[in-house]
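Here the structure comes first, spelled out in structure tokens, and everything after it is commentary.
The values are calculated or read from the model by the stated rules, or taken from the named source; none is laboratory data. Everything numeric in this text was worked out from a predicted model, so none of it was measured. Virtual Cβ from ideal backbone geometry, glycine too; neighbours counted across all protein chains shown.
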Amino acid sequence: MPESGCLNLLSAAEKGDSVLLERLIEHGADVNEADRTDMTALQCAAQGGHVDCVNQLLTAGADVNASDKHGVSALMYASRQGYDECVEMLIESGADVNEHNNMDGNTSLIDVACSCPDSFEADGYFGVGRENDAQELSTRDEERERKKRAVRRNVLLLSQAGADLDQVNLCGFTALTTAVRIGNIECVHALIAAGVDVNVTDKNGNTALITGEVSSHVFHTAERSGTALWSHVRVVVEGA
């Protein structure tokens, strides 16, 4: 397919335009063709949480384990963005749950740990420099709750599919130490419930508890100070 045709396919997947995507597929579009960054339509759809598009592409024969130039697969994109329906669909289609990218060595499970439900205020996700109105606050709260549910479910889906709970990335962190470092409480709960080894150490020989003690000064959410957040993490980890 000419590059313009490939870009049309990727654009439709990125926007979640299932009607256009279906039309392109019916006219012979190669669902596995990638752009200059090795990004495929499936990765675009998964990154945006477009379940219908993900289903269409998989049905049409998209390579579920294709990865871009950074080694990031559709499953990794969906895991990091917190789209549990896409994660489930990709796993059912044979996605490799233990594949890691070639940047920091993150697996899909570690990407879930990076998907912190309370990160929106910190990263300016909702309107930098603007006062939050009632509708925006409601949207923020709904998105946070959605992401909390997705984090727990994604850990469950990945662990049940055979994900290595204690895999260490190139930075020396596991999913648990990553979740503790950024204060992802939902992920800490879910990982412990899944049977993670709380005594696994990172490259510096630190357990999750030690990592949390060191990182507690950077924890901050709109509702809880770093100290209060770390106290909650400590109770969860020590109780495992």
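Within region 3-24, how many residues turn out to be loosely packed, with under 13 Cβ neighbours inside 10 Å, at pLDDT below 95 and not charged (D, E, K, R)?
Of the residues in that region, 1 qualify.
Could you tell me whether any residue of region 25-42 is over 27 Å from Ser159 (Cβ atoms), touching a strand residue (DSSP E or B) at 6+ places or on another chain (Cβ under 9 Å) and exposed (fewer than 15 other Cβ atoms within 10 Å of the Cβ)?
Checked region 25-42: at least one residue is over 27 Å from Ser159 (Cβ atoms), touching a strand residue (DSSP E or B) at 6+ places or on another chain (Cβ under 9 Å) and exposed (fewer than 15 other Cβ atoms within 10 Å of the Cβ).
How about region 175-213: which of its residues are polar (S, T, N, Q), over 11 Å from Cys114 (Cα atoms) and either buried (at least 16 other Cβ atoms within 10 Å of the Cβ) or within 19 Å of the chain's Cα centre (by Cα) (or both)? Spell out the reasoning first.
The first filter runs over region 175-213 and keeps only residues polar (S, T, N, Q), leaving 177-178, 184, 199, 201, 204, 206-207, 211.
With over 11 Å from Cys114 (Cα atoms) added as a condition, the list becomes 199, 201, 204, 206-207, 211.
Once the filter is applied, which keeps residues that are polar (S, T, N, Q), over 11 Å from Cys114 (Cα atoms) and either buried (at least 16 other Cβ atoms within 10 Å of the Cβ) or within 19 Å of the chain's Cα centre (by Cα) (or both), region 175-213 yields Thr201, Asn206, Thr207, Thr211.
Among the residues of region 64-85, how many are more than 19 Å from Asn8 (Cβ to Cβ) and assigned to a loop (DSSP other than H, G, I, E, B)?
So the count comes out to 8.
Which residue out of Asp141, Asp164 is acidic (Asp, Glu), modelled with pLDDT under 85 and under 23 Å from Asp84 (Cβ atoms)? I'd like the intermediate steps shown before the answer.
Working: Asp164 fails: modelled with pLDDT under 85.
The conditions single out Asp141.
Are any residues in region 10-24 within 22 Å of the chain's Cα centre (by Cα) and in a helix (DSSP H, G or I), and if so, which ones?
Leu10, Ser11, Ala12, Ala13, Glu14, Lys15
Of all residues in region 25-62, count the ones that are under 19 Å from the mean Cα position of the chain (by Cα) and outside any helix (DSSP H, G or I).
5
Looking only at residues in region 94-124 that are of a type in the set (S, T, N, Q) and crowded, with 19+ Cβ neighbours inside 10 Å, which one is modelled with the lowest pLDDT? Before you say what the answer is, go through the steps one by one.
Filtering region 94-124 for residues of a type in the set (S, T, N, Q) gives 98, 101-102, 106-108, 115, 119.
Checking the rest, the ones that are also crowded, with 19+ Cβ neighbours inside 10 Å come to 101, 106-108, 115.
Details: Asn101: 97, Asn106: 97, Thr107: 98, Ser108: 98, Ser115: 87.
Ranking the candidates gives Ser115 first.
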